[in-house]
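Working notes, beginning with the structure itself.
The values are calculated or read from the model by the stated rules, or taken from the named source; none is laboratory data. Source: prediction; values computed, not measured. Cβ atoms come from the backbone with ideal geometry, glycine included; neighbour counts cover every protein chain shown. For the accessible areas, the whole protein counts, side chains as well, though only heavy atoms, and no ligand, DNA or RNA atoms are used. Shrake-Rupley method; radii C 1.70, N 1.55, O 1.52, S 1.80 Å.
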Amino acid sequence: MAKLSLKHIYKVYPNGVKAVNDFCMEIADKEFIVFVGPSGCGKSTMLRMIAGLEDISAGELSIDDLVVNDVEPKDRDIAMVFQNYALYPHMTVYENIAFGLRARKMPNDEIHERVLHASEILGIKEYLTRKPKEMSGGQRQRVSLGRAIVRNPKVMLLDEPLSNLDAKLRTQMRAEILKLHAQLKTTFIYVTHDQVEAMTMGTRIVVMKNGFVQQIDTPKNLYLYPGNKFVAGFIGTPQMNFFEGTMKKNGDKVDIVFKYSDASISVPYEQLIKVRPGYLDGNKEVFIGVRAEDMTLEPSVVVESPYKIKVVVSHVEELGDESLVYGDINMGGDGYVESSTRVIIKTTFNGEFVPGNVYEAAVNVSKLHFFDKETEETIVPRLPEINDVECTVKEGKLNFSGISVQLPPALMCGDGQGKMLLPSNAISFDGDIKTNVVDCEKISDKYLVSFETGGRRMFAVTDTEVPRGEAHISIDFKRITLCVGETIIEPMEELVRLEGTFDKVKEKVVENKSGTRKTVKKVNFYLNINGVKFPSPEYISQKIFATLSPRSVFSSRFYYDFTPYTVRIADSGIEGTVEGVSDYGKEKFLRVRVTDKTVNVFTEGPVTGKVFIMPDFDKAGIVEADRGIKLI
């Protein structure tokens, strides 16, 4: 079977439209992956690039570690099922299924065996002598699947195969395709615009919008932990309720105020500890999301709940065992029109809700979602990025949550009170600061470690599991933000971005073959940064030529990206001037001025004056500057 690797895949049309932007994903063998999103989001284009029916503008597509960018569709060992069945009307079912095998000159006995096997799996053996016009839509779709099955492909691609079927057949065929996946034990990639299909079929789902991947996750995680407002609204029926509002931390409580209404609730800060700190000042507007099933009008629950808001009911949709109650948290609002105060509540309560009456609704605050008003990205990440900690500095020591630690020279500042923004990835469990680990949760390939010190809960993100109980941490000071009095010390910039070009140089080279010296002309390629030419590693040259047209390769600008650890001081290279050193205790970094920018370079000893820096191109990231396309 097959695994797929999609690295920085782009589809850019000649008019400049990007249909797919920087698509990155690893698909394991036997996975059932679903691409879902609204019309025009790029999902079918991505599927067609995997199939080889569309050229890849940039990026690398591998099937079982073989790069297939330039491999013909027929040689990729994939099979594709289309939306419109694509059956030959003049052929029987048997002939339609066998057509592809006959085109490959397969022996008749093997063709017959494969067709019978596929027809048995799909339950269409008795229809093999019929023509497509004599069959229902569901049966025709089975024939289309059969034509793909007989290929024994490494990868099955399905492009909205159920969209032409009625609701009952769609449900039936969903089950058939899942059964087929279990029987064939191969990799399936399925495209649909229907979120119900996506949620019920995929082991993982790729949500797309406007050519960009919005989130890749399991159905359960997409529902519980949407990464942005679009995903939150797209996944789940009915759509999540969205309100505008603000959040303000008052002691151990957070006051949530809903705009355009009198609604507000006060929630324990412990419930919202993962919220990014900058959103708790009461000034920054956010979207507040709550699903219809996470609110209730059931009187017994409302009486017991401390978290409730008033709703004026507009109308009710009866759905049998449950009802959708529409209303508005603005007493003068209209629950019929979608707005920032309209609310939908899903309930199984049998009571009657009278339109025009005002009811109290209880809110499950543990299921609230919050999104940035401008970017619409979640502000409650599953892996919290920042710990917002009150602190003091006195005589060069940083004091927070019962911890006292010596500040390194790079962070030295005057005495005073303030706060520290401590990134969760700046904490490691290899130091001498005593703490207590209370939980360790695996999320994807990382571990979220919750620990307490001085009665304060904080988070760290690690690559390995950390046992509960007493532990000792250390802090990577170059990543923290320290605000004391009027002084603000920002984290060290960890991106070393150098701008340059890709050059072709015709050179005379002396070759020595069989004892004979001969001068020949040869074309070599160089990465040109600030006028310094570095021989281009072959894989970088291949990547650039595979991405850009021959005409634009040598006229394009590129960003060559490194870290302070992948550039070094050398005897030759890019000229710069040392402006100073940033001493973070365990590590020191030179601040080197290179033309119009200052970059940080790790150092193990004192260096001053004029220097040369040498990048490690084997560890470079490369971006085509004008279109913003990541090559590596």
Completion exercise
Considering the range 170-191, residues that are in contact with a strand residue (DSSP E or B) (Cβ under 8 Å, 6 or more places away or on another chain) and either part of a strand (DSSP E or B) or open to solvent by 10 Å² or more (accessible area, probe 1.4 Å) (or both), and then whichever is nearest to PRO38 (Cα to Cα), we arrive at VAL191
Handout entry: Single residue of the range 181-223 satisfying the filter (basic (Lys, Arg) and closer than 29 Å to ASP77 by Cβ) that is modelled with the highest pLDDT
Key = ARG204
Exercise for the section: Answer yes or no: is there a residue in the range 498-514 that is modelled with pLDDT of 90 or more, under 30 Å from GLY585 (Cα atoms) and of a type outside the set (Lys, Arg). Expected result: yes
Fill in the blank from the handout: When the range 228-259 is checked residue by residue, the ones that are closer than 21 Å to GLU270 by Cα, out of contact with any helix residue (DSSP H, G or I) (no Cβ under 7 Å at 6 or more places or on another chain) and not hydrophobic (A, V, I, L, M, F, W, C) are GLY245, THR246, LYS248, ASN250, GLY251, ASP255
Fill in the blank from the handout: Of the residues in the range 573-614, those that are farther than 20 Å from LYS478 by Cβ, in contact (Cβ under 8 Å) with a residue 40 or more places away in the chain and in a strand (DSSP E or B) come to ILE574, GLU575, VAL611, PHE612, MET614
Problem - Within the range 1-34, tally of residues that are among the hydrophobic types (A, V, I, L, M, F, W, C) and within 22 Å of LYS630 (Cα to Cα) - result: 11
Practice task
Specify the residue that is nearest to the chain's Cα centre (by Cα); the eligible residues are those in the range 359-393 that are among the aliphatic types (A, V, I, L, M) and assigned to a strand (DSSP E or B).
Solution key: ILE386
Practice task
Mind telling me which of the residues THR203, THR237, THR192 ends up being within 20 Å of THR45 (Cα to Cα) and among the hydroxyl-bearing types (Ser, Thr, Tyr)?
Solution key: THR192
Fill in the blank from the handout: When the range 27-55 is checked residue by residue, the ones that are assigned to a loop (DSSP other than H, G, I, E, B) and under 30 Å from ALA232 (Cα atoms) are ALA28, ASP29, LYS30, GLU31, GLY37, PRO38, SER39, GLY40, CYS41, GLY42
Problem - Scope the range 448-480; condition hydrophobic (A, V, I, L, M, F, W, C) and more than 23 Å from the chain's Cα centre (by Cα); matching residues - result: PHE451, MET458, VAL466, ALA471, ILE473, ILE475, PHE477, ILE480
Problem - First in the range 266-287 and on the phi > 0 side of the Ramachandran plot, second anywhere and basic (Lys, Arg) and open to solvent by 40 Å² or more (accessible area, probe 1.4 Å), Cβ under 7 Å, 6 or more apart - result: GLY282/LYS248
Exercise for the section: Could you tell me which residue of the range 315-336 is modelled with the lowest pLDDT, considering only residues that are touching an Asp or Glu at 6+ places or on another chain (Cβ under 9 Å) and within 19 Å of GLY289 (Cβ to Cβ)? Expected result: GLY335
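Open to solvent by less than 60 Å² (accessible area, probe 1.4 Å), over 18 Å from ILE379 (Cβ atoms) and under 14 Å from the mean Cα position of the chain (by Cα): does that describe GLY227? Give the derivation first.
On the way: open to solvent by less than 60 Å² (accessible area, probe 1.4 Å): yes; over 18 Å from ILE379 (Cβ atoms): no; under 14 Å from the mean Cα position of the chain (by Cα): yes.
No; evaluated as a whole, the condition is false for this residue.
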Practice task
Evaluate the range 509-524: report whether one residue or more is open to solvent by 40 Å² or more (accessible area, probe 1.4 Å) and within 29 Å of LYS11 (Cβ to Cβ).
Solution key: no
Exercise for the section: Would you check which residues across the range 154-169 are more than 18 Å from VAL34 (Cβ to Cβ) and touching a strand residue (DSSP E or B) at 6+ places or on another chain (Cβ under 7 Å) and list them? Expected result: LYS154
Fill in the blank from the handout: Looking across the range 83-131 at residues that are open to solvent by less than 70 Å² (accessible area, probe 1.4 Å) and of a type in the set (Phe, Trp, Tyr), the single one that is farthest from ALA148 (Cα to Cα) is TYR127
Practice task
Mind listing whichever residues of the range 375-389 are of a type in the set (Ser, Thr, Tyr) and surrounded by fewer than 20 Cβ atoms within 10 Å (Cβ to Cβ)?
Solution key: THR375
Practice task
Would you point out which residue out of SER572, SER556, SER552 is under 30 Å from the mean Cα position of the chain (by Cα), small (Gly, Ala, Ser) and either open to solvent by 50 Å² or more (accessible area, probe 1.4 Å) or under 30 Å from LYS18 (Cβ atoms) (or both)?
Solution key: SER556
Problem - Leading residue by the ranking (least open to solvent (accessible area, probe 1.4 Å)) among those in the range 62-82 that are in contact with a strand residue (DSSP E or B) (Cβ under 6 Å, 6 or more places away or on another chain) and in a loop (DSSP other than H, G, I, E, B) - result: VAL68
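Looking only at the range 340-362, count how many residues are in contact (Cβ under 8 Å) with a residue 24 or more places away in the chain, polar (S, T, N, Q) and out of contact with any strand residue (DSSP E or B) (no Cβ under 7 Å at 6 or more places or on another chain). Spell out the reasoning first.
Of the range 340-362, the ones in contact (Cβ under 8 Å) with a residue 24 or more places away in the chain are 340-349, 351, 353-362.
Within this subset, residues satisfying the condition of being polar (S, T, N, Q) are 340-341, 347-348, 357.
The next check asks that each one be out of contact with any strand residue (DSSP E or B) (no Cβ under 7 Å at 6 or more places or on another chain); those that pass are 348.
So the answer is 1.
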Completion exercise
When the range 4-55 is checked residue by residue, the ones that are open to solvent by less than 40 Å² (accessible area, probe 1.4 Å), among the basic types (Lys, Arg) and either farther than 17 Å from ASP217 by Cα or free of Cβ contacts under 8 Å to residues at least 40 places away in the same chain (or both) are LYS11
Handout entry: Only listed residue being charged (D, E, K, R) and open to solvent by 40 Å² or more (accessible area, probe 1.4 Å), chosen from GLU160, GLU134
Key = GLU134
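Would you be able to say whether some residue in the range 561-577 is farther than 28 Å from PRO491 by Cα and out of contact with any Asp or Glu (no Cβ under 7 Å at 6 or more places or on another chain)?
Narrowing the range 561-577 to residues farther than 28 Å from PRO491 by Cα: 571-572.
From what's left, out of contact with any Asp or Glu (no Cβ under 7 Å at 6 or more places or on another chain): 571-572.
Taking every residue of the range 561-577 in turn, at least one turns out to be farther than 28 Å from PRO491 by Cα and out of contact with any Asp or Glu (no Cβ under 7 Å at 6 or more places or on another chain).
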Practice task
Considering only residues that are under 14 Å from PHE534 (Cβ atoms) and touching a Phe, Trp or Tyr at 6+ places or on another chain (Cβ under 9 Å), look in the range 591-617 and name the one that is modelled with the lowest pLDDT.
Solution key: PHE617
Problem - Conditions (1) among the hydrophobic types (A, V, I, L, M, F, W, C); (2) open to solvent by 40 Å² or more (accessible area, probe 1.4 Å); (3) free of Cβ contacts under 8 Å to residues at least 40 places away in the same chain; number of the one not met by VAL196 - result: (3)
Practice task
Please state which of the following conditions ASP618 fails to meet, knowing it meets all the rest: (1) within 33 Å of the chain's Cα centre (by Cα); (2) surrounded by 12 or more Cβ atoms within 10 Å (Cβ to Cβ).
Solution key: (2)
